Amino acid sequence: MNIFRLIGDMSHLLAIILLLLKMWKTRSCAGISGKSQILFALVFASRYLDLFTSFVSVYNSVMKIFFISTSLLTVYLMYFKFRATYDSNHDTFRVEFLVIPVGGLAFLVNHEFSPLEILWTFSIYLESVAILPQLFMMSKTGEAETITSHYLFALGSYRALYILNWVYRYYFEGFFDLIAVVAGCVQTILYCDFFYLYITKVLKGKRITLPA
Amino acid sequence: KGAKGAKDEL
């Protein structure tokens, strides 16, 4: 564990809590892509199956259980409890165009051709693009609430901090995982346009609005 | 850990 990974994990945790708080306080999931949230639940469910096969640390296990359970809770809130507020008309990204190619790639490019390893690889690839339905939704509506922007900033920062963690681990531990690094870079690049808007608008007290 | 993925990470 190094400082970059710890702050990254805390940023990820903060993002999830922010999203849940936003939904709970406003009794609404307006502006949130249910498709992205389903993909995140799928990411955690397929990656953390190793909870049953290998123990790393209490921290590791607690975080995994937290991520799986909160992602399922988020999906439940969006599709059941607050369904009436879900903006499905704008959440029209075709997720099969992500899941199918990513599944194929996980079969072809992985560290080891075994079920758990392929599922882990699938989750890494899927996570890198899982935010696309959310970004697509924002480009369709042309706006994002400030709290949604904070959520996205925390969520995007997490993987950017992991890149610093991988640089650190490469130099100080000789650790290098090509699959995680490439996917993590792709993931972070997808957020760059949003990061720019966040820094130039939200941090100056304005909402994010996009030209039509 | 060898060539297998970054399993100690989240």
Checklist line | Complete set of residues in segment A:175-192 that are in a helix (DSSP H, G or I) and touching a helix residue (DSSP H, G or I) at 6+ places or on another chain (Cβ under 8 Å) | finding: A:179, A:180, A:181, A:183, A:184, A:185, A:186, A:187, A:188, A:190, A:191
Checklist line | Residue that is nearest to the chain's Cα centre (by Cα) [pool: residues in segment A:52-71 that are of a type in the set (S, T, N, Q) and within 10 Å of another protein chain (Cβ to nearest Cβ)] | finding: A:60
Check: Within the group A:98, A:203, A:116, A:126, which residue is modelled with pLDDT under 95 and surrounded by 18 or more Cβ atoms within 10 Å (Cβ to Cβ)?
Finding: A:116
Item checked: Residues located in segment A:136-159, provided they are more than 14 Å from chain B (Cβ to nearest Cβ), crowded, with 20+ Cβ neighbours inside 10 Å and part of a helix (DSSP H, G or I) -> A:137, A:138, A:148, A:149, A:151, A:152, A:153, A:156, A:157
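The values are calculated or read from the model by the stated rules, or taken from the named source; none is laboratory data. Keep in mind that this is a model prediction, so the values were computed, not measured. Note that each Cβ is placed from the backbone with ideal geometry, even for glycine, and that neighbours are counted across all protein chains shown.
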